[in-house]
Amino acid sequence: MNDYNKKTLTDLVNLKPLLWENPNKINMREALEFLPLKYKDIIDASNRLERFAPLIRKLFPETKDGIIESPLVTGYNFTKILESTYNKSIKGRVLLKCDNNLKVAGSIKARGGIYEVLKHAEKIALDNKLLYLNDDYSNLASPKFKNLFSKHKIAVGSTGNLGLSIGIMSAVLGFKVDVHMSNDAKEWKKNLLREKGVNVIEYDDDYSKAVEEGRKQCKKDSMAFFIDDENSKDLFLGYSVAALRLKTQLEKQKVVVDKDHPLYVYLPCGVGGAPGGITFGLKHIYGDNVHCYFVEPTHAPCMVLGLITEKLSDVSVKEYGIDNITEADGLAVSSPSNLVAKIADKLIDGIYTIEDRELFNLLKLLKDSEDIKVEPSAASSLLGPVLIDSHNNSTHISWLTGGALLPKEEYKKMYQRGR
């Protein structure tokens, strides 16, 4: 371990907020040679979501066109209040990618989680010769398909939001669903899943234990399919489609991304699937002109720990005396994804860590300035434009990963903590 990473490790163990710039990052052209997935895989995932659009529109009319996507908005007022609060001038524009308002599941997990459920449903229907690729996929909402899917089970381990996305979509299609939830999962998320007909299994341990037990139980059932947040390429690709859609949004807003107009993107990170997939997609589109930073709580910095120790996923924050206890429940993960850690090691520009109290402060600032409601984990991305030095032609995107389904009383408590 080099001196830079040794100092970083000391700061992590002492729970000190930090910014780590990745010394292992290589240019995109070199990276393409070792990446396990390709651009064509992103396109394949995008095409599959297009096929499912008629079904999504039928099951969830609020999506209107059957495409689950979020707005990209200008954070002008937020930028001003951020500059004032942190006494720093932010160069370039700040945009907010509002996955907190994604339909159906209210978080970024609506991308990967729902995508993998749909892909699994498609495979079952195709294998049973009840569906063909050119069919109208809205037919999957019919009784014969619900009867087919009811013979199958889908399961997942989750701290909350992934469980919501998979549970809601699986249940509405007719699948039996088990969501194995860690001790940091919020009670309201468990209750919402139960209301949707999902079987919630609770643990007195953290995310890793919930995943381990879910995986173990599914191995005993030939009709069960476990969605593995730590290793799933399909989850990863579902998230990556966001990059294609962001490109369209940036072009519509006449935002240029090139060497002289760099793009900086800040992505909250738990196990790593969502930020990893989005980074993978953005790097394919913008190459070295996009700079992607993951964000982790000081009490759950599993990805940066895996990268600096070079253990990748074979590490737990608890080994280093870090408790993995944070109000950012979606980021409360002790070990990173092996799939993502290998990719992030060469692709991401860096990681910063943030204290819980800062999350609530940022959550309040965003509500006061833009009237946008987010969860604490989503608020973690808001500090990026303050921490990263850039120039006046830069564009910063803070990715807001969840919040729409937050009960009013829960959010009110969070807002008060920010005060």
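Using +1 at the Cβ of each Lys and Arg and -1 at the Cβ of each Asp and Glu in the chain, identify which of 350, 118, 75 lies farthest towards the dipole's positive end. Of the options given, the answer is 118.
Stretching the chain fully between residue 146 and residue 26 yields a gain of 38.5 nm (0.36 nm per residue, less the alpha carbon separation).
Taking other residues whose beta carbon is less than 14 angstrom from the beta carbon of residue 74, and scoring Lys, Arg as +1 and Asp, Glu as -1, yields +3.
Note on region 109-231: Kirkwood hydrodynamic radius from all Cα pairs is 14.5 Å, rounded to one decimal. Over all other residues within a Cβ to Cβ distance under 12 Å of residue 393, the charged ones net out to +1, with Lys and Arg as +1 and Asp and Glu as -1. With the simple spin-label model, which puts each label point 7 Å out from Cα in the Cβ direction, the residue 43 to residue 183 separation comes to 4.9 nm.
Just to confirm my numbers, what's the Cα centroid distance between region 146-169 and region 316-373 in Å? If we compute the Cα centre of each part, the gap is 25 Å.
In a reduced charge model with +1 at each Lys and Arg Cβ and -1 at each Asp and Glu Cβ, region 109-231 shows a dipole moment near 480 debye about its Cα centre.
Here the contact order of region 141-259, divided by its residue count and restricted to Cα pairs under 8 Å and six or more residues apart, works out to 26 percent. Of the cross-linked pairs 88/311; 123/219; 144/196; 16/109; 186/364; 190/220, those separated by over 30 Å at the C-alpha level are 88/311. Shown here for region 270-338: GluC sites (Glu not before Pro) in loop regions (DSSP other than H, G, I, E, B) with at most 10 other Cβ atoms within 10 Å, of which there are none. The length gained on full extension between residue 320 and residue 202, counted as 0.36 nm times the residue separation minus their Cα-Cα distance, comes to 39.9 nm.
The string of couplings for region 300-306 from the Karplus curve (6.51, -1.76, 1.60, θ = phi - 60°) is 8, x, 5, 5, 5, 5, x Hz, one whole number per residue in order, with x for Gly and Pro. Annotation: peptides 244-254, 27-37, ranked by per-residue average of other Cβ atoms within 10 Å with the highest first, follow the order 244-254, 27-37. Computed from point charges on the beta carbon alone (+1 for Lys and Arg, -1 for Asp and Glu), the dipole magnitude for the chain about its Cα centre is near 1120 Debye.
Axis of helix 76-86 versus longest Cα principal axis of the chain: the two differ by about 50°, to the nearest ten degrees.
Once the Cβ-Cβ distance of residue 1 and residue 408 is raised to the sixth power relative to R0 = 45 Å, the FRET efficiency obtained is 0.45. On full extension, the segment bounded by residue 368 and residue 65 gains 105.9 nm, given 0.36 nm per residue less the C-alpha separation.
Estimated from helical segments only, the mean residue ellipticity of the chain at 222 nm is -14000 deg cm²/dmol, where each DSSP H run of four or more residues counts as -39500 (n - 2.57).
Taking the C-alpha atoms only, the angle from helix 408-418 to the longest principal axis of the chain is near 10 degrees. Just to be sure I understand, if you calculate semi-axes √(5λ) of the Cα gyration tensor in Å for this structure, which of (i) 34, 29, 20; (ii) 44, 22, 20; (iii) 32, 24, 22 do you get? Here semi-axes √(5λ) of the Cα gyration tensor in Å agrees with entry (iii). Modelled spin labels at residue 77 and residue 392, positioned 7 Å past Cα toward Cβ, are 2.7 nm from each other.
At a threshold of 8 angstrom on Cα-Cα distance, excluding pairs fewer than six apart, so keeping six or more, what relative contact order does the chain reach in percent? It rounds to 22 percent for the chain. Taking the Cα atoms only, what angle lies between the long axis of helix 109-127 and the longest principal axis of the chain, rounded to 10 degrees? Helix 109-127 and the main axis of the chain meet at about 30 degrees. Once C-alpha pairs closer than 8 Å and six or more residues apart are averaged by separation and normalised to the residue number of region 26-97, the relative contact order reads 21 percent.
Peptide packing for 179-188, 40-49, 79-88 was compared via the average number of neighbouring C-beta atoms within 10 Å per residue; ordered from the highest value, the list is 179-188, 40-49, 79-88. Between residue 375 and residues 5 or more places away or on another chain, which pairs have amide H atoms under 5 Å apart, with H built 1.01 Å from N, and which residues are they? For residue 375, whose amide H was placed from the backbone, the distant partners under 5 Å are 402, 403.
Since every read-out is calculated from the coordinates, none of them should be taken as a lab result. Model, not experiment: these values are computed from the prediction. Neighbour counts are summed over all protein chains in view; Cβ atoms, including those assigned to glycine, are modelled from backbone coordinates with ideal geometry.
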